[in-house]
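The values are calculated or read from the model by the stated rules, or taken from the named source; none is laboratory data. Owing to the predicted nature of the structure, the values given are computational and were not obtained by experimental measurement. Glycine gets a Cβ as well: all are built from the backbone with ideal geometry, and neighbour counts include every protein chain shown.
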Amino acid sequence: MAGLNRQQAPAIVILGPGSLTTAQRIQLRYPQATIHGLRGRVEGADQYYDSFGDSLRALYQQAVPIIALCAAGIVIRSLASLLDEKGAEPPVLAVAENGSAVVPLLGGLSGVNVMARELGEALGVTAAITTSGELRFGTCLLNPPEGYTLADIEQGKRFVSDLLAGEGVRIEGDAPWLAHVQLPTSDAARRTIHVGCEARQASRDELLIHPRAVVVAVAAARAGLAEHVRGALDAAGIAERSLACLLVAEQAMAEPALHQAATELGVELRFAPLQGTLASMVAEVLPDAQLIEQPDMVIARAPQPVDPARLGRKRGRLAVIGLGPGAAELMVPAVKAELSRAQDILGYETYVRMAGPFRDDQVQHCTDNREEMQRARHAFELAAQGRSVVVVSSGDPGVFAMAAAVLEALHASSDPAWQRVDLQILPGVSASLATAAQAGAPLGHDFCIMSLSDNLKPWSIIEKRLDLAAQADLVLAFYNPISKSRPHQLGKALEVVRWHRSGQTPVVLGRDIGRPGQTLRVVTLAELTPEMVDMRTMVLIGSSTTCTFDRADGSQWVYTPRWYPEAP
Ligand code: SAH
């Protein structure tokens, strides 16, 4: 919908070092923007990509405004396959490498021409605007500013054609953004731009624009809430499109029916404490609104559009995410999206650094690796205030990492504000899987994942599990195989495994997989010594059926077949 979405920070995409100066000038105009540079070609960018096309398409699909410093044709070709897709179209602009031309390409209804003008001003050139209405009137009538929405886009297009054909126009209602544009206004005009909250069909001769000035407040969720709200607005003669948000009592924050209603109505949910009546809750946050009180809801009509972001607060979100082993391309897209929406990022410093770079408005809270419970509690405290918080783990957050710590903290807490946080666990590629994929398919049959660290469990249980897992002929994946504080345990663990496995059993050692300087080694169980392993190593020990064979590059494939021989 035009002008509704709070726009994300633009991405300035450059291909070579020659564009960096122009990119930096653009960044002065849009300080939140990030410069994306081609890896290996550009230095001094904020982020790096490997494939121009893939990265442009990903940005487009995430509705990120794109300023590409290259030929317009390259941008068009890269995005062509996506243009038929429905959904929000972000502004896309091509800017000449030396800043001498600004060409708005896509996103007419999301403000591309406004951006083109701003960029033109910043670079001292005239933007290549080609939209007729925009050229004639100096504004896109179909894209009213934030807080206003068009009743009917198709009718709007006809209306603008009429004005271009020479019709005059009258403005009814409050349209502050049109005060300084060159519209052919006249009091005798047949065409009108009408700004108001009332529900009615736009007539043939008018452009109907609704200010989002209405808030509906409820104390609790119920089935069919969206329909109920629609009915109440209709009975009050208010257009649904004037609805800015739902304001709900904090106590109901986690109720699914509420979130479903907000999605159906296409509006945000905001929350406030309910102490007295619903009307007093609304009056507290919207003092100058006119209230229509009903038995189970209050409709509040403000004199101006309401910015939901300033009303009460949103539901906090806590996402425990897995970065994967390290390489950016092994991070799942949901995790990338979560990182870009995060306001606070918590984690062990190495992983927070791996998850970056972050924008200036994102707060990083780096802590020591061992302070897991404290970090989990801190994350809930922030999220309970309504913030979007991310806790980072390497690999998968549920494998010897933060997800269980976060759940443990929640389980132990009786704070209702913690319970209401929108808690999400987003998976990642765990080190055992990333290592296995590089070696072939050593985990192709039943396997067992163990941490050899006795920080949080007695060594005796480790030995017992090792003994039983090895006896069961499971492939073994060892996390935390060794550390400076427990140098001798891996040797003891291998002793137990050797009771049940032959010396010829293949062993895969993956060190820093997916990170710079990664190494992969295949040895036999007889050859394996603790010196080959450190705390950044993943150890995969084969079962009796795991086998190896030569690869064309001289190294070896390792796999465990899917079948298992019948017992004799
Ligand atoms: N949550 C993580 C595991 C944390 S435990 C995951 O799912 O991958 C830490 C152990 O994981 C390390 O001691 C090491 O054994 C292993 N590990 C983590 N990242 C690794 C990598 N990139 N390469 C090899 N092993 C890794």
Considering only residues of the stretch 532-553 that are free of Cβ contacts under 8 Å to residues at least 40 places away in the same chain, more than 16 Å from the ligand (Cβ to nearest atom) and not in a loop (DSSP other than H, G, I, E, B), which is nearest to D473 (Cα to Cα)? F549
Taking E527, is it at negative phi and part of a loop (DSSP other than H, G, I, E, B)? yes
Which strands (runs of 3 or more DSSP E) sit wholly inside the stretch 332-425 and have at least 3 residues that are surrounded by 14 or more Cβ atoms within 10 Å (Cβ to Cβ), more than 16 Å from the ligand (Cβ to nearest atom) and outside the structural domain of H36 (by TED's automatic domain parsing)? 363-367
Are there any pairs, at least 6 apart or on different chains, whose C-beta atoms fall under 8 Å, with the first in the stretch 367-389 and within 17 Å of L407 (Cβ to Cβ) and the second part of a loop (DSSP other than H, G, I, E, B) and basic (K, R), and if so, which? A384/R420
Answer from A437, A477 - the residue that is under 30 Å from E566 (Cβ atoms), within 14 Å of the ligand (Cβ to nearest atom) and either free of Cβ contacts under 8 Å to residues at least 12 places away in the same chain or among the aromatic types (F, W, Y) (or both): A437
All but one of (1) out of contact with any Asp or Glu (no Cβ under 9 Å at 6 or more places or on another chain); (2) of a type in the set (D, E); (3) in contact (Cβ under 8 Å) with a residue 60 or more places away in the chain hold for D50; which doesn't? (1)
May I ask you to list the residues in the stretch 132-144 that are hydroxyl-bearing (S, T, Y) and either loosely packed, with under 15 Cβ neighbours inside 10 Å or without any contact (Cβ under 8 Å) to a residue 24 or more places away in the chain (or both)? S132
Residue by residue through the stretch 556-568, note down the ones that are in a loop (DSSP other than H, G, I, E, B) and either surrounded by 14 or more Cβ atoms within 10 Å (Cβ to Cβ) or over 41 Å from the mean Cα position of the chain (by Cα) (or both). T560, Y564, P565, E566, A567, P568
Return yes when Q61 is surrounded by fewer than 17 Cβ atoms within 10 Å (Cβ to Cβ), free of Cβ contacts under 8 Å to residues at least 40 places away in the same chain and under 19 Å from V112 (Cβ atoms) and no when it is not. yes
Might you check whether a residue that is under 39 Å from the mean Cα position of the chain (by Cα) and within 16 Å of the ligand (Cβ to nearest atom) occurs anywhere in the stretch 487-505? no
Mind checking which pairs have a first residue in the stretch 484-497 that is farther than 13 Å from V533 by Cα and a second that is part of a strand (DSSP E or B) and of a type in the set (V, I, T), Cβ under 9 Å, 6 or more apart or different chains? V497/I541
For the stretch 429-461, give me each residue that is more than 22 Å from T546 (Cβ to Cβ) and either assigned to a helix (DSSP H, G or I) or in the same structural domain as A342 (by TED's automatic domain parsing) (or both). W459, S460, I461
Out of the strands (runs of 3 or more DSSP E) lying entirely within the stretch 199-256, which hold 1 or more residues that are closer than 30 Å to L163 by Cβ and either outside the structural domain of Q294 (by TED's automatic domain parsing) or among the β-branched types (V, I, T) (or both)? 206-211, 214-218
Only one of these is assigned to a loop (DSSP other than H, G, I, E, B) and either small (G, A, S) or within 25 Å of A436 (Cβ to Cβ) (or both): D473, D467. Name it. D473
